[in-house]
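Here you go, one structure.
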Ligand code: LMR
């Protein structure tokens with residue numbers, strides 16, 4: 001099959017000696033909000049390189065990192081309007097379009113990447129994906145980042161009660177909002193790209209994110225304490241505008257699908273690797289106090305979060321929760 005595909009691709013995308021003009025090239029604009037040295041940034045770049053190379057320049061994937069082109073709140077509309085063709089927003093951000101996706105945000109719902117992948121590959125995940133189809137989106141895969149950790153400016157967060165009255169930055173998701181508000185914290189929905197500024201001027205005391213995101217934006221330099229809580233999964237839905245997808249020639253669709261089988265697996269591997277490396281780096285830098293939640297503390301957190309599961313169940317039905325691991 002591989003040889004056949006390679007042969008097809010060779011025929012489909014002849015090598016042109018002349019530089020192809022704008023009209024002859026098919027351009028796919030891929031916008032995202034994180035830095036280039038993050039799992040998403042690296043995978044977007046790898047995808048672009050492989051597509052450009054394998055299509056002999058006939059398809060050009062242009063990657064716009066760091067929210068340069070569109071910011072957090074803008075990229076989904078830009079995709080739906082056809083101004084760009086690909087994005088990979090965090091599942092938490094997709095909840096503004098399909099709120100049921102916030103099941104992934106439920107605290108301590110997943111302990112491993114495999115559990116998340118299995119849930120999304122199962123019947124509920126397929127239902128969530130079909131809800132995106134209904135909105136005019138084509139899902140091309142799930143990219144991991146990692147599990148979120150909690151950082152704070154002034155004191156270590158060991159127990160849920162430590163969060164009382166702290167201003168905590170969250171991604172826009174009702175479940176993330178609930179997760180902090182039921183503990184007496186004040187959740188603040190703030191764009192990723194301006195978070196550094198808000199931590200710096202003290203508008204927010206702390207935040208939750210993966211170590212890759214925290215270190216890539218130097219957020220740890222503004223925080224004194226980090227709690228390794230692994231309380232929530234942060235990953236991405238790789239999305240294309242469905243109208244654009246459907247209009248692509250079949251050989252290009254095939255090239256994209258085949259390339260993504262490889263890139264998606266590669267992305268998972270480097271995401272896990274980067275987040276583990278960042279933990280070692282932070283442990284060695286002596287620049288932030290690190291506390292790993294103990295098993296006993298974790299049980300206290302899980303109990304404190306039970307009402308969040310009830311809240312989700314009341315809104316969207318028990319079936320989403322029942323199939324959680
Ligand atoms: C965040 O806003 O913290 C993340 O969604 C950023 C990202 O895309 O990883």
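Along each of its three principal axes, how wide is the spread of alpha-carbon positions in the stretch 133-279, in whole angstrom units, largest first?
Projected onto its principal axes, the Cα set of the stretch 133-279 covers 56, 33, 25 Å.
Also: If I histogram all Cα-Cα distances within the stretch 57-111 using bins 10 Å wide from 0, what percent of pairs lands in each bin?
20, 42, 26, 10, 1
What does the convex hull of the alpha-carbon atoms of the stretch 244-325 project to on average, in nm²?
Values: hull surface 41.0 nm².
The Cα convex hull of the stretch 244-325, projected and averaged over all directions, gives 10.3 nm².
Shifting gears a bit: Rg/Rh for the stretch 31-74: what does it come to with C-alpha atoms and Rh from Kirkwood?
Ratio of gyration radius to Kirkwood radius for the stretch 31-74: 1.04.
Something else: Sort largest first and round to whole Å: the equivalent ellipsoid semi-axes of the stretch 75-150, each the square root of five times a Cα gyration tensor eigenvalue.
Working through the eigenvalues yields semi-axes of 22, 14, 11 Å.
Same structure, new question: For the stretch 177-221, just run the numbers: alpha carbon Rg, then divide by 2.2 N^0.38 Å, N being how many residues it has.
Cα-based Rg divided by the globular estimate yields 1.16.
Cα-based Rg of the stretch 104-143 per 2.2 N^0.38 Å, rounded to two decimals?
Working: Rg = 11.0 Å, N = 40, 2.2 N^0.38 = 8.9 Å.
Taking the Cα Rg and dividing by 2.2 N^0.38 Å, one obtains 1.23.
Roughly speaking, what % of Cα-Cα pairs in the stretch 208-254 are separated by over 16 Å, rounded to a whole number?
The calculated P(r) of the stretch 208-254 puts 60 percent of pairs beyond 16 Å.
How large is the convex hull of the Cα atoms of the stretch 98-208 per residue, expressed in Å³ as a whole number?
Cα-based convex hull of the stretch 98-208, divided per residue, equals 115 Å³.
Quick check for you: which residues of the stretch 78-118 have the amide N under 20 Å from the point 7 Å beyond the Cα of residue 261 toward its beta carbon?
117-118
At 7 Å along the Cα-to-beta-carbon direction for both residue 286 and residue 200, put a label point, then send me their distance in nm to one decimal.
2.7 nm
For the chain, what are Rg and Dmax over the alpha carbons, in angstrom?
Calculated on Cα positions, Rg and Dmax stand at 20.6, 66 Å.
So, one more: Out of every Cα-Cα pair in the stretch 228-270, what percent are more than 12 Å apart?
The answer is 72 percent, as a whole percent.
Jot down the radius of gyration and Dmax of the stretch 28-129, Cα atoms only, both in angstrom.
Both quantities, over Cα of the stretch 28-129: 15.2, 45 Å.
Only the coordinates and a few stated rules stand behind these numbers; no lab work does. All values derive from a computational prediction rather than experimental measurement. No Cβ is skipped: glycine too gets one built from the backbone with ideal geometry, and neighbour counts run over all protein chains shown.
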